[in-house]
Amino acid sequence: MVNLVLFPDCRLHLMQVDSVQRWMEDLKLMTECECMCVLQAKPISLEEDAQGDLILAGGPSPGDPLQLLLKRGWVISTELRRIGQKLAQDRWARVHSMSVRLTCHARSMVSEYSAFSRSSSQEMGQVEKLLMEKCSELSAVTERCLQVENEHVLKSMKACVSETLSTLGQHFGQLLELALTREVQALVRKIDSSDNVYTTESTTGNLFSLTQEGAPLCRIIAKEGGVVALFKVCRQDNFRCLYPQALRTLASICCVEEGVHQLEKVDGVLCLADILTDDSHSEATRAEAAAVVAQVTSPHLPFTQHLSSFLESMEEIVTALVKLCQEASSGEVFLLASAALANITFFDTMACEMLLQLNAIRVLLEACSDKQRVDTPYTRDQIVTILANMSVLEQCASDIVQENGVQLIMGMLSEKPRSGTPAEVAACERVQQKAAVTLARLSRDPDVAREAVRLNCMSRLIELCRSPSERNSSDAVLVACLAALRRLAGVCPEGLQDSDFQQLVQPRLVDSFLLCSNMEESFV
C-alpha cells in the first residue's frame, strides 16, 4: 500500500507504510458499531423497534471528552434499559443482538476516551477491565440461550443473564462516574487558576452544561470544589461580567445537598447578600443571585432548612428582594425575586413580619396589574404563596383590604391555563388552592369577610366545589374552597342557598368533600 502525504511545501512525498500495521492501529479508534453488529449478530432483525436500534447504534462525534462521555453514557444507559425490557419479554434473539451492540458501545467509549485522555488511573483501568469482561460474559451467555429449547433451563439462565446485566450496569456507572469526576476536576482547576475572562467564561459555561445533566453530576461538581471556585469568581471585580453565568451555575448545583453544604462553608449567603444589596451590580446579576437564594431556601428540599447562616443576612436579603420586585424590568426578573421571597416565608416566620414592615403587600399587589412583570400563572403562584403565608398575621388583613387585595385574590380563583401544558395546569391549580387558603385565613377579620361576600366570592367558591372542570378535578383546590366557603358562611350565612348550606357547609368537611369529588358535570 502506498500513501500520498501532502506537506506544507506542496510537494508530494511517498511514504511506504505497512498496511496491516496501520489498519491495526486505526481499528482501535474507529470501531463501527453497525459493522460489528452485522459481523457478530447477523441478521439484524427488522422488528418494530429496529429503527430505534440503528439510530442508537450511530456513534457520537465528540468535540471533547465530556461530550464523548455524556453521549456514550446516554447510549449505553439506554441499551441497558432496553435489554432489560427485552429480557423480561423473553425475546432472546433481540437480547443477544443488543448485548453485542452494547459491548461495541462500551469498547468504543473506553477506546475513544483513552485517546482523548493522556493517562488513566489504576482504579479506572480496573473498572474498565471488569466492564469489558462482563460485556463479553453477557454476549456469550445470551448466545448460549439462543441454543436452549428447554424452558426450565432457559428460566435458570434468565436469572444468570439478569444478574450479569445488573453487575455490568454497576461497573458502567462506576466507570462513568470516575471519568466524569476526572473531567470535572480539570474544569474546576481551570476556573480556580484562571485570571482570563474568556477562559473563565468558556469553562464556567461547560460546567453549567454539566449541571443540566442531572443531580448526580451536580453532586460530583460540588464534591470536587465547583461551588468554591464559582464563589471565588463572584468575589473578583475583574470577573463582574461573569457573575450572572457563575450564579446561574451555582443555582443549579445547589439543587443537591452537597452543593448547599459547600455554599455554607464558603460564606456563600454573605456573598449573595452583598451582591443583592449592591446597586452597582446589573439587574441580571441581582436576579441570578435571587435565583440562588430561591434554590437554597426551597421548602421542597429538606436539607435547606438547616442553613443557619441565612438567618444572619435575612433582613438585608429580604429588603433587597422587595426592592428588586418593585424595580423589575421584566417578568423573569420579578419571578426570580418573588420566588425567593415566597421560599423565605416558608424558611422563617420572621420574614413575614419583615415583609409587612417593608410594605411588600402593596408592592406585590401593584405588580399584579403590570403585565410586564406579572404575566404568567407561575408568577401569580409566587405572589399568592407570599400572601398565604403572610395572612397568618393579623395586621396583614387590613393592609390587603386597603390595597384592594381581596378583589385580586378572587381573580386568582379564576386562574386558567393558556397553553394547557401539564406544568401550566398544575401552576393554575396551585394558584386557585392558595388563593382559597389565603381567603379562608383572612376571613377571620370581619372586614375581609364582608368584602369577600360583597365581591361574590361565595358564588365562585361554590362553583369551584361543584364543578370539577373549574378546578381541573383537583382535590387540593376542592378542600381549600370548602374551608374558605365555611369560613365565609360563618360571617354571612344568608349568602348561601339552602342546598349549598346543607351539602357544602353543614356536613363534616370529609362528607362534603366526598360529595363534591364524586359529582358529575351534569349535576351543576
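The values are calculated or read from the model by the stated rules, or taken from the named source; none is laboratory data. Small disclaimer: the values here were computed from a predicted structure and weren't measured. In this analysis, Cβ positions are derived from the backbone assuming ideal geometry, glycine residues included, and neighbour counts consider all displayed protein chains. These accessible areas exclude ligands, DNA and RNA; they are computed on the full protein's heavy atoms, side chains included. Shrake-Rupley method; radii C 1.70, N 1.55, O 1.52, S 1.80 Å.
Points to keep in mind about this one:
- Projected label distance in nm at ARG81 and ASP237, using a 7 Å step from Cα toward the beta-carbon: 5.0 nm
- With a Förster radius of 45 Å applied to the beta-carbon distance between GLU353 and GLN122, the computed FRET efficiency rounds to 0.15.
- The listed residues TRP74, TRP92, once ranked by accessible area (1.4 Å probe) with the largest placed first, stand as TRP74, TRP92.
- Shape class for the chain, computed from the alpha carbon gyration tensor (a ≥ b ≥ c): oblate, with a/c not under 1.5 and a/b at or below b/c.
- By the combined test of axial Cα extent (at least 27 Å) and Kyte-Doolittle hydropathy (mean at least -0.5), the qualifying DSSP H helices of the chain come to 65-88, 92-116, 122-147, 151-193, 308-327, 422-442.
- Spin-label pair ARG508/LEU178, simplified geometry with 7 Å Cα→Cβ offset, distance in nm: 6.1 nm
- Separation in nanometres of the label points that stand 7 Å from Cα toward Cβ, at HIS261 and SER330: 3.6 nm
- Extension reserve of the ALA88-GLU149 stretch, reckoned as 0.36 nm per residue once the Cα distance is removed: 20.2 nm
- Summed over the residues of the chain and divided among them, the accessible surface reaches 49 Å² per residue at a probe radius of 1.4 Å.
- Mean residue ellipticity (222 nm) of the chain, computed from DSSP H runs ≥ 4 via -39,500 (n - 2.57), nearest 500: -23000 deg cm²/dmol
- Accessible area, probe 1.4 Å, largest first, for residues THR200, THR319: THR319, THR200
- As a length-normalised measure over Cα pairs under 8 Å and 6 or more apart, the relative contact order of region 345-419 settles at 38 percent.
- Carbon + sulfur, % of accessible area of the chain - ligands and nucleic acids excluded, 1.4 Å: 52 percent
- Within region 227-262: backbone nitrogen closer than 11 Å to the VAL197 label point (7 Å, Cα to C-beta): 238-243
- Length gained when the stretch SER414-THR376 is fully extended (0.36 nm per residue, less Cα-Cα span): 12.3 nm
- Remark: the Cα gyration tensor places region 435-492 in the prolate category, a/c being 1.5 or greater and a/b exceeding b/c.
- Potential extension, ARG450-ASP64 segment - 0.36 nm per residue separation minus Cα distance: 132.3 nm
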